[in-house]
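Input: a single structure, listed below in structure tokens.
The values are calculated or read from the model by the stated rules, or taken from the named source; none is laboratory data. What you see is a predicted model; the values in this text were computed from it and never measured. Neighbour counts are summed over all protein chains in view; Cβ atoms, including those assigned to glycine, are modelled from backbone coordinates with ideal geometry.
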Amino acid sequence: MTIITTSTGIRSPRRLPIWTLGYFGTIVFANMMLLWFDPLFVAGSAIPPAIFASGFVFVLRDFAQREIGHFVLIAIVAAACATFWLAGPEVAIPSSSAFLVAELADWVIYSVTKRPMSQRVVISSLISVPMDTAVFYALLDILDPLSLILGIVIKLIGTLVFWVGLKWVEAKQEDME
């Protein structure tokens, strides 16, 4: 069995990078949703259904970085390449541009913030989700105040789901100490 040292200095047996694979798969799935489903219209504002899946991407990136360290940047590039190949440039350019801006911000915030995981997830998502949504909607030419607010709220629901689970795990760990 091979022993690896993670970015947090923890030595562990090598295992399948489940969070990283989930991160990659969610990005590609969300981008493919742009081809498979028409936008939903709420009060005249277009909301791409991909927003529901992409809300989890930012939290999954935090877990992927925790799992493979700064090699997570390779997963970002790989997902962008897969999107270009599977969905074409009309989807890949807005998506990859938005992900590049927001994911790099998320990566920096997560990397420099040395707080408990639940706090890192919230802080990085509160900054990167609005950036991603604004860039993505602007490049799709559907940016308006209502769609921006709805897109951000929908994505942050994904963060909230993970945050509740993380708080529960952190509380259990504190109880065991």
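Could you pull out the residue among Ala98, Ala78 that is farther than 19 Å from Ile152 by Cβ and of a type in the set (A, V, I, L, M)? Working first, answer last.
On the way: Ala98 fails: farther than 19 Å from Ile152 by Cβ.
Ala78 is the lone residue from the list that is farther than 19 Å from Ile152 by Cβ and of a type in the set (A, V, I, L, M).
Examine segment 107-126 for a residue that is touching a residue at least 60 places away in the same chain (Cβ under 8 Å), farther than 15 Å from Gln65 by Cβ and surrounded by 15 or more Cβ atoms within 10 Å (Cβ to Cβ), and state whether such a residue exists.
Applying the first criterion (touching a residue at least 60 places away in the same chain (Cβ under 8 Å)) to segment 107-126 yields 121, 124-125.
Among the residues that remain, those that are also farther than 15 Å from Gln65 by Cβ are: none.
For segment 107-126, residues touching a residue at least 60 places away in the same chain (Cβ under 8 Å), farther than 15 Å from Gln65 by Cβ and surrounded by 15 or more Cβ atoms within 10 Å (Cβ to Cβ): absent.
With the structure loaded, tell me whether Gly165 is assigned to a helix (DSSP H, G or I), touching a strand residue (DSSP E or B) at 6+ places or on another chain (Cβ under 8 Å) and not hydrophobic (A, V, I, L, M, F, W, C) or whether it fails that test. Spell out the reasoning first.
Numbers: assigned to a helix (DSSP H, G or I): yes; touching a strand residue (DSSP E or B) at 6+ places or on another chain (Cβ under 8 Å): no; not hydrophobic (A, V, I, L, M, F, W, C): yes.
It is false that Gly165 is assigned to a helix (DSSP H, G or I), touching a strand residue (DSSP E or B) at 6+ places or on another chain (Cβ under 8 Å) and not hydrophobic (A, V, I, L, M, F, W, C).
Quick one: Leu100 ticks every box in (1) over 15 Å from the mean Cα position of the chain (by Cα); (2) modelled with pLDDT under 90; (3) surrounded by fewer than 17 Cβ atoms within 10 Å (Cβ to Cβ); (4) in a helix (DSSP H, G or I) bar one, so which box is it?
(1)
Filter segment 20-78 down to the residues that are β-branched (Val, Ile, Thr) and at pLDDT 90 or above and list them by number.
First pass over segment 20-78, keeping only residues β-branched (Val, Ile, Thr): 20, 26-28, 42, 47, 51, 57, 59, 68, 72, 74, 76-77.
Passing the criteria: Thr20, Thr26, Ile27, Val28, Ile68, Ile74, Val77.
Being more than 19 Å from Phe52 (Cβ to Cβ) and modelled with pLDDT of 90 or more, is that true of even one residue in segment 151-167?
First pass over segment 151-167, keeping only residues more than 19 Å from Phe52 (Cβ to Cβ): 166-167.
Now restrict to residues that are modelled with pLDDT of 90 or more: none.
Looking for residues that are more than 19 Å from Phe52 (Cβ to Cβ) and modelled with pLDDT of 90 or more, one finds none in segment 151-167, hence no.
Would you call Val91 in a helix (DSSP H, G or I) and either surrounded by fewer than 18 Cβ atoms within 10 Å (Cβ to Cβ) or under 14 Å from the mean Cα position of the chain (by Cα) (or both)? Please lay out each step first, then the result.
Working: in a helix (DSSP H, G or I): yes; either surrounded by fewer than 18 Cβ atoms within 10 Å (Cβ to Cβ) or under 14 Å from the mean Cα position of the chain (by Cα) (or both): no.
Judged against the criteria, Val91 is not a match.
Exactly one condition in (1) part of a helix (DSSP H, G or I); (2) closer than 19 Å to Ser45 by Cβ; (3) touching a residue at least 40 places away in the same chain (Cβ under 8 Å) is not met by Ile142; state its number.
Condition (1) is where Ile142 drops out.
Which residues, taken from segment 107-128, are closer than 25 Å to Ala171 by Cβ and assigned to a helix (DSSP H, G or I)?
Within segment 107-128, Ile109, Tyr110, Met117, Ser118, Gln119, Arg120, Val121, Val122, Ile123, Ser124, Ser125, Leu126 meet the criteria.
Could you count how many residues in segment 72-88 are part of a helix (DSSP H, G or I), exposed (fewer than 15 other Cβ atoms within 10 Å of the Cβ) and either more than 15 Å from the chain's Cα centre (by Cα) or of a type in the set (S, T, N, Q) (or both)?
Count: 3.
I need the full set of residues from segment 132-170 which are on the phi > 0 side of the Ramachandran plot and touching a Leu at 6+ places or on another chain (Cβ under 7 Å), in order please.
Narrowing segment 132-170 to residues on the phi > 0 side of the Ramachandran plot: 141.
Correct list: empty.
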